[in-house]
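Trainee: Pasting a structure below so you can have a look.
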Amino acid sequence: MELLRLLLIAVLASVTRAAGGAEIVGNSSEGLLEFSVGKFRYLELKKPFPEEAILRHISSNVTFVIFQIHSQYQNTTISFSEALLPNASGTGTDKGLVSILRPEQSMCTWHLETFDPEPVQNVAIPLSYSESDPIPGGCNLEFDVDIDPNIYLEYNFFETTIKFAPANLGYARGADPPSCDVKTDLDSRWRLQYDVYQYFLPENDLTEEVLLRHLQRMAEVPQVRANAVKVVTLTADDKTSVSFSSLRGQGVIYNVIVRDPLLNTSTAYVPTHTYACSFEAEEGSCSSLGRVSTKVFFTLFALLGLFICFFGHRFWKTELFFIGFIFIGFFFYILITRLTPIKYDVRLIVTAVAGSIGGIFLVAAWWRFGVLTLCMLCVGLVLGFLVASVAFFTPLGNLKIFRVDAVFWVTFSCIAIFIPVVFMGCLRILNILSCGFIGSYSVVLAVNSYLYTSLSYITLNILRRALHVDFRRAFMNVPFQTNDFIILAVWGMLAVSGITLQIRRERGQPFFPPHPYKLWKRERERRVTNILDPSHHIPPLRERLFSRLAQIKGLFQKEQPAGERTPLLL
């Protein structure tokens with residue numbers, strides 16, 4: 001009998017362990033979706049079939065439960081009842097509700113449904129908290145839900161902004177909630193602090209499976225702190241809104257942890273995610289990162305830049321055209337974008353034309369006047385622009401002092417001007433360095449047209465700062481993953497190879513070519529005075545043109561027959 005009893009206990013224990021391990025997927029009985037605290041469950045919702053989620057056996061020391069559900073881009077509705085009330089339901093891709101428990105309550109239910117015609121894949125989890133934990137969204141005065149733990153996200157081409165409702169102090173079951181704005185001392189919700197976290201999904205991966213798996217790392221406080229990067233800490237005096245640089249096609253998850261420094265407790269809001277693009281848009285969707293016009297523009301730009309990287313100093317006029325194209329094109333694009341409402345493709349074409357005119361103008365200025373200092377100033381400023389952009393691409397760009405436009409642009413300009421000033425005594429080195437770094441970076445911009453890379457935001461963030469006034473408040477964090485390391489290595493390899501090749505090839509050569517106009521003028525005078533020079537006997541340009549036209553005209557005239565055409569005189 002004792003042996004039989006031990007065998008029965010072992011069988012029951014194995015069944016219990018199997019049931020517990022399956023909680024990640026969840027059990028359903030009697031039309032209910034059963035959940036366990038802290039266990040994720042994957043589920044599929046269909047339009048005509050709402051589901052009811054249930055959480056049983058809630059511990060007596062739990063005072064509130066946050067139930068959250070996530071999908072990639074299709075909306076899901078969660079509510080406390082079958083009737084959808086504005087203050088007791090929410091619809092979106094990342095939504096959650098706070099259930100304040102009554103005394104002796106040990107079970108909670110939520111209603112889940114979707115109005116999307118296609119089935120929606122979701123992942124959901126209930127999380128429990130005690131009376132000492134702050135309640136996220138407990139002092140909500142802005143959004144519809146009474147206690148709103150959600151993070152609301154808006155994005156455009158320039159920035160992504162998240163907003164959330166202030167939290168309140170926790171309280172015991174059956175007690176009245178603390179007042180939100182009666183007092184502002186340490187016994188009120190004004191002592192709470194908010195840590196904003198950012199988490200990047202793998203680059204160039206838009207799959208639903210990857211998103212739902214990584215969202216599980218951003219739901220609970222310990223996991224958020226272990227996996228995400230803390231961007232900023234807000235106090236109760238700060239506005240509960242934070243802006244970030246939009247990264248189109250790159251998945252990003254945001255979450256906020258509210259902390260009570262006095263009790264050393266914390267609670268996580270419902271995480272939210274974005275790709276800064278639409279999966280359902282017919283044009284410019286997440287699946288198509290670059291427009292055709294962008295790909296053509298930057299591919300041609302990269303081909304010219306690659307030539308400049310290795311041969312720019314030798315082909316001096318081609319390099320001047322390249323620098324003039326960048327110099328004029330950049331400022332012209334900012335000008336027409338801020339002053340005109342024309343479409344992007346038209347702006348890009350007009351920018352290409354204006355940049356070409358700028359490049360031709362710089363070449364013509366060198367040919368006619370030959371002012372080397374002026375040309376090298378343009379070259380040095382473009383290199384200085386790239387160096388300053390790299391400097392603000394680092395965490396330096398997120399410092400609070402640089403949110404003031406005057407401070408930012410003065411500092412940026414000083415760095416850009418510093419480069420040509422330092423190298424003014426060795427202009428050839430400055431020119432070769434500019435060819436190597438600027439020419440190779442054009443390849444990075446071309447790669448970004450086909451494949452996402454964070455390195456493109458080195459200059460794109462500066463362009464956004466110049467175009468959008470509110471971009472100054474955005475945190476310019478970007479992921480740096482395997483693709484970025486590879487492209488960074490390619491950029492560095494191209495730059496070093498181009499610089500080394502040009503330095504070795506130009507050794508022993510004149511620093512810069514002579515003034516073209518003086519050479520042309522001297523050659524013309526020599527041809528006029530030296531009658532032994534065969535070029536002296538070359539007819540003027542006007543006569544040569546008329547002669548050439550006469551030859552072309554003769555090709556289209558009917559050939560006259562040979563022989564006598566007049567009648568013989570008898």
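Trainee: Taking only the stretch 84-110 into account, find how many residues are more than 31 Å from the chain's Cα centre (by Cα) and either surrounded by fewer than 19 Cβ atoms within 10 Å (Cβ to Cβ) or in a loop (DSSP other than H, G, I, E, B) (or both).
Mentor: So the answer is 14.
Trainee: Continuing with the same structure: Looking at the stretch 433-455, can you tell me whether even one residue there is polar (S, T, N, Q), over 28 Å from the mean Cα position of the chain (by Cα) and either crowded, with 21+ Cβ neighbours inside 10 Å or part of a helix (DSSP H, G or I) (or both)? Can you show your working first?
Mentor: From the stretch 433-455, those polar (S, T, N, Q) are 434, 440, 442, 448-449, 453-454; that's our starting set.
Adding the requirement that they be over 28 Å from the mean Cα position of the chain (by Cα) leaves none.
The answer is no, given that none of the residues of the stretch 433-455 is polar (S, T, N, Q), over 28 Å from the mean Cα position of the chain (by Cα) and either crowded, with 21+ Cβ neighbours inside 10 Å or part of a helix (DSSP H, G or I) (or both).
Trainee: I would also like to ask the following. Looking only at residues in the stretch 255-295 that are among the polar types (S, T, N, Q) and open to solvent by 40 Å² or more (accessible area, probe 1.4 Å), which one is modelled with the highest pLDDT?
Mentor: Applying the first criterion (among the polar types (S, T, N, Q)) to the stretch 255-295 yields 255, 264-267, 272, 274, 278, 285, 287-288, 293-294.
With the extra rule that they be open to solvent by 40 Å² or more (accessible area, probe 1.4 Å), the set shrinks to 264, 278, 287-288.
Details: Asn264: 94, Ser278: 89, Ser287: 77, Ser288: 75.
The qualifying residue modelled with the highest pLDDT is Asn264.
Trainee: Could you grab me the full set of residues in the stretch 303-312 that are open to solvent by 10 Å² or more (accessible area, probe 1.4 Å) and in contact (Cβ under 8 Å) with a residue 12 or more places away in the chain?
Mentor: Keep residues of the stretch 303-312 that are open to solvent by 10 Å² or more (accessible area, probe 1.4 Å), which gives 303-304, 306-307, 310-311.
If the condition is that a residue be open to solvent by 10 Å² or more (accessible area, probe 1.4 Å) and in contact (Cβ under 8 Å) with a residue 12 or more places away in the chain, then Leu304, Leu306, Phe307, Phe310, Phe311 are the ones that fit.
Trainee: Condition check: in a loop (DSSP other than H, G, I, E, B), free of Cβ contacts under 8 Å to residues at least 60 places away in the same chain and open to solvent by less than 30 Å² (accessible area, probe 1.4 Å). Does Cys180 satisfy that? Write out each step before concluding.
Mentor: Working: in a loop (DSSP other than H, G, I, E, B): yes; free of Cβ contacts under 8 Å to residues at least 60 places away in the same chain: yes; open to solvent by less than 30 Å² (accessible area, probe 1.4 Å): no.
No, not satisfied.
Trainee: Here's something else I'd like to know. For the stretch 462-478, does any single residue satisfy the condition of being open to solvent by less than 30 Å² (accessible area, probe 1.4 Å), basic (Lys, Arg), in a helix (DSSP H, G or I) and touching a Phe, Trp or Tyr at 6+ places or on another chain (Cβ under 9 Å)?
Mentor: yes
Trainee: Kindly indicate the residue of the stretch 39-64 that is among the small types (Gly, Ala, Ser) and open to solvent by 30 Å² or more (accessible area, probe 1.4 Å) and also nearest to the chain's Cα centre (by Cα) among those meeting that condition. Give the derivation first.
Mentor: To start, the set of residues in the stretch 39-64 that are among the small types (Gly, Ala, Ser) comprises 53, 59-60.
With the extra rule that they be open to solvent by 30 Å² or more (accessible area, probe 1.4 Å), the set shrinks to 59-60.
Details: Ser59: 44, Ser60: 46 Å.
Only one residue tops the list, namely Ser59.
Trainee: Pull out all pairs, ordered by first then second residue, where Cβ-Cβ is under 8 Å, the residues are six or more apart or on different chains, the first lies in the stretch 132-146 and is more than 10 Å from Ala167 (Cβ to Cβ) and assigned to a loop (DSSP other than H, G, I, E, B), and the second is open to solvent by 10 Å² or more (accessible area, probe 1.4 Å) and of a type in the set (Lys, Arg).
Mentor: Final answer for the pair search is Glu142/Lys163.
Trainee: Which numbered condition trips up Val422, out of (1) in contact (Cβ under 8 Å) with a residue 60 or more places away in the chain; (2) open to solvent by 30 Å² or more (accessible area, probe 1.4 Å)?
Mentor: All conditions are met except number (1).
Trainee: Same structure again: Please list, ordered by first then second residue, the pairs with beta carbon atoms under 6 Å, 6 or more apart or interchain, first in the stretch 361-378 and without any contact (Cβ under 8 Å) to a residue 24 or more places away in the chain and within 10 Å of Leu427 (Cα to Cα), second of a type in the set (Val, Ile, Thr) and outside any helix (DSSP H, G or I).
Mentor: Hits for this filter: zero, empty list.
Trainee: Let me ask something else. Scan the stretch 65-83 and give yes if some residue there is out of contact with any helix residue (DSSP H, G or I) (no Cβ under 8 Å at 6 or more places or on another chain), among the acidic types (Asp, Glu) and open to solvent by less than 60 Å² (accessible area, probe 1.4 Å), otherwise no.
Mentor: no
The values are calculated or read from the model by the stated rules, or taken from the named source; none is laboratory data. Here the structure is a predicted model, which is why all the values come from computation and not from measurement. Every residue, glycine among them, receives a Cβ derived from its backbone with ideal geometry; neighbour counts consider all protein chains shown. These area figures cover heavy atoms from the full protein model, side chains too; ligands, DNA and RNA do not enter into them. Shrake-Rupley method; radii C 1.70, N 1.55, O 1.52, S 1.80 Å.
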